[in-house]
1. Could you list, ordered by first residue, the pairs with Cβ atoms under 8 Å in which the first is in region 40-56 and farther than 16 Å from residue 16 by Cβ and the second is in a helix (DSSP H, G or I) and modelled with pLDDT of 95 or more, at least 6 apart or interchain?
2. What residue, among those in region 16-40 that are over 28 Å from residue 56 (Cβ atoms) and either of a type outside the set (S, T, N, Q) or touching a His at 6+ places or on another chain (Cβ under 6 Å) (or both), is surrounded by the most Cβ atoms within 10 Å (Cβ to Cβ)?
Amino acid sequence: MVFNVTIERDEDGVWIVECPSIPGCVSQGATKNEAIENIKDAIKGCLEVRAERGLPLTIETRQVEVAA
């Protein structure tokens with residue numbers, strides 16, 4: 001499966017990665033690459049828990065166009 005993730009750096013320099021299509025699925029790392037590897041593990045874990053609880057594996061996400 002392929003997921004979109006968001007990546008940002010916080011004020012302490014830690015990289016925060018979130019998977020918007022899985023509520024609460026967030027991870028972090030000291031480097032961007034570490035954070036991306038960590039979110040892969042987090043996604044696997046979140047999908048397992050959601051399946052065990054009978055929840056939908058993901059929620060719908062979309063891209064929208066906004067005039068800036």
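1. From residues that are farther than 16 Å from residue 16 by Cβ, the pairs are 56/50.
2. Narrowing region 16-40 to residues over 28 Å from residue 56 (Cβ atoms): 30-34.
Subset that is either of a type outside the set (S, T, N, Q) or touching a His at 6+ places or on another chain (Cβ under 6 Å) (or both): 30, 32, 34.
On the way: 30: 11, 32: 12, 34: 15.
Residue satisfying both the conditions and the ranking: 34.
The values are calculated or read from the model by the stated rules, or taken from the named source; none is laboratory data. These numbers were taken from a predicted model, which means no experiment stands behind them. Because the Cβ atoms are built from the backbone with ideal geometry, glycine has one as well, and the counts that use them run over all protein chains shown.
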